């Protein structure tokens with residue numbers, strides 16, 4: 001999933017770096033290949049999930065959880081509510097179930113602000 005990495009010229013003059021990285025030339029300029037980091041697992045929190053794994057989120061959970069679900073090799077979600085397939089409107093689904101391997105019901109999260 002996703003991009004395989006990036007090309008960078010940072011460190012191209014460092015012999016120790018060059019020994020461990022692939023080097024490619026593009027338009028006559030040399031670049032190091034920095035491979036993408038891939039997570040084996042993502043554990044995410046959702047507001048509502050259906051039995052297929054389609055997920056909706058509350059507030060800022062919508063920011064990074066969908067990206068983590070798509071980036072990881074295997075994704076598991078905990079949700080406050082689990083409903084049957086079709087109960088979530090297609091327009092409300094943020095993360096499609098194809099990215100989610102399993103869903104469990106959450107007992108609720110008791111959290112505090114960092115400054116509390």
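Things to note:
- Residue 41 falls short on exactly one of the conditions (1) surrounded by fewer than 16 Cβ atoms within 10 Å (Cβ to Cβ); (2) under 17 Å from residue 101 (Cα atoms); (3) at pLDDT below 90, and that condition is (3).
- Residue check for residue 11: modelled with pLDDT of 95 or more, surrounded by 12 or more Cβ atoms within 10 Å (Cβ to Cβ) and part of a loop (DSSP other than H, G, I, E, B): no
- Figure legend. Inter-residue proximity from segment 58-70: first residues free of Cβ contacts under 8 Å to residues at least 60 places away in the same chain, second residues in a helix (DSSP H, G or I), beta-carbon distance below 6 Å, spacing 6+ or different chains. Indicated pairs: 69/99.
- Out of 39, 79, 69, 49, sole residue that is closer than 24 Å to residue 111 by Cβ and out of contact with any strand residue (DSSP E or B) (no Cβ under 6 Å at 6 or more places or on another chain): 39
- Taking the criterion of being touching a residue at least 40 places away in the same chain (Cβ under 8 Å), out of contact with any helix residue (DSSP H, G or I) (no Cβ under 9 Å at 6 or more places or on another chain) and surrounded by 10 or more Cβ atoms within 10 Å (Cβ to Cβ), the residues of segment 97-116 that qualify are 97, 98, 101, 102, 106.
- Selection from segment 71-93 of residues that are surrounded by 16 or more Cβ atoms within 10 Å (Cβ to Cβ), within 14 Å of the chain's Cα centre (by Cα) and outside any strand (DSSP E or B): 71, 72
The values are calculated or read from the model by the stated rules, or taken from the named source; none is laboratory data. All values derive from a computational prediction rather than experimental measurement. Note that each Cβ is placed from the backbone with ideal geometry, even for glycine, and that neighbours are counted across all protein chains shown.
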